[in-house]
Amino acid sequence: MNETVHTFEPTRMRIAEEAPAPYRALVALGRAVDLDPALRELVNLRASIVNGCAYCINMHSRAARNGGESEQRLYALAAWRDAPFFSDRERAALALTDAMTLISDEGVPRAVWNEAGEHFAEDELAQLLWAITAINAWNRISIATRIEPT
């Protein structure tokens with residue numbers, strides 16, 4: 001049986017140097033999002049786990065810990081549906097994160113959208129949508145360019 005061995009690949013491109021204007025625009029998008037910082041880090045980390053972005057997993061797990069998040073919740077985030085450590089509001093945000101991150105699977109199901117709408121006011125939901133969009137963009141850039149975790 002032949003098994004594919006994956007080796008670590010170093011950074012392919014320093015995209016901030018090669019395309020500084022779009023890079024700054026994505027940074028500005030992230031800064032423009034107004035969402036509870038603890039919830040935002042859960043969303044950032046969850047999307048990064050789903051996408052397999054080592055750089056972002058490293059960055060956002062550290063940021064969440066620095067923000068006071070427990071190790072227990074951080075470890076359980078990979079299996080949040082089966083873990084009792086998350087509030088209904090957090091679960092609604094995580095379900096929306098999963099749906100948007102894996103959008104080609106089934107779009108954003110009506111039930112996921114409705115649940116999010118029950119826990120977030122329209123303006124909060126809009127901010128959550130932008131937060132999920134921003135982290136998915138960062139994941140894709142980081143994975144494509146192989147930005148190394150530090």
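Bear in mind that the values in this text are calculations on the coordinates, not laboratory data. Being a predicted model, the structure only gives us computed values, none of them experimental. Here the Cβ is made from the backbone with ideal geometry for all residues, glycine too, and neighbour counts use every protein chain on show.
Calculate, for residue 91 and residue 137, the FRET efficiency according to 1/(1 + (r/R0)^6) with r their C-beta to C-beta distance and R0 25 Å; round to the nearest 0.05.
0.55
If each DSSP helix of 4+ residues adds -39,500 (n - 2.57) and the sum is divided by the residues in the chain, what number results at 222 nm, nearest 500 deg cm²/dmol?
Calculated at 222 nm, the ellipticity per residue is -21000 deg cm²/dmol.
Using only Cα atoms, find the angle between the long axis of helix 122-145 and the longest principal axis of the chain, and express it within 0 to 90 degrees, rounded to the nearest 10.
Once rounded, one gets 20 degrees.
Among 32, 126, 21, which one shows the biggest mean-square fluctuation in a GNM of the chain, springs joining Cα atoms closer than 10 Å?
The residue that fluctuates most here is 21.
Could you work out the relative contact order of the chain, using alpha carbon pairs under 8 angstrom and six or more residues apart, expressed as a whole percent?
Relative contact order for the chain comes out at 40 percent.
Could you give the length gained on full extension between residue 14 and residue 65, defined as 0.36 nm per residue of separation minus the Cα-Cα distance, in nm?
15.6 nm
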